[in-house]
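Down below is the structure, laid out as structure tokens.
The values are calculated or read from the model by the stated rules, or taken from the named source; none is laboratory data. These figures come from a predicted structure and were not determined experimentally. With ideal geometry, Cβ positions are generated from the backbone for all residues, glycine too; neighbour counts draw on all protein chains shown. Heavy atoms of the whole protein, side chains included, go into the accessibility calculation; ligands, DNA and RNA do not. Shrake-Rupley method; radii C 1.70, N 1.55, O 1.52, S 1.80 Å.
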Amino acid sequence: MFEEISFANSDREELEDAAQELFNHIKDLGVRLDDIDVLDPCDGCRRPGYLVHLGNLTRDEVAVLNAALRQHPGTESVVSRP
């Protein structure tokens, strides 16, 4: 009889769920993050936990995201900053 064991990593799974939500929010703004990924912790990194890598964004994608974020009520325009 086999013993049931799990190889699940709850920290990674939680971050994968959060990354999926972020992906969908950004997709709703008009940008699809095709290169998004969850990266395992690395020994030489400043941050010891799992990381979400958003991938590469084109100039147009950055412009779309910036325009959408400017419309958010909690976002202060960098133009008005000292």
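Of all residues in segment 17-36 being closer than 16 Å to H72 by Cβ and in contact (Cβ under 8 Å) with a residue 12 or more places away in the chain, which is least open to solvent (accessible area, probe 1.4 Å)?
Within segment 17-36, the match that is least open to solvent (accessible area, probe 1.4 Å) is V31.
Can we say E76 is within 14 Å of the chain's Cα centre (by Cα) and either touching a residue at least 12 places away in the same chain (Cβ under 8 Å) or open to solvent by 100 Å² or more (accessible area, probe 1.4 Å) (or both)?
Judged against the criteria, E76 is not a match.
For segment 46-73, which positions are open to solvent by less than 70 Å² (accessible area, probe 1.4 Å) and more than 18 Å from the chain's Cα centre (by Cα)?
Within segment 46-73, just A67 meets the criteria.
What single numbered condition from (1) in contact with a His (Cβ under 9 Å, 6 or more places away or on another chain); (2) part of a loop (DSSP other than H, G, I, E, B) fails to hold for P73?
With (1) in contact with a His (Cβ under 9 Å, 6 or more places away or on another chain); (2) part of a loop (DSSP other than H, G, I, E, B) applied to P73, the lone miss is (1).
For residues that are small (G, A, S) and in a helix (DSSP H, G or I), scanning just segment 1-24, find the one that is farthest from V52 (Cα to Cα).
S10
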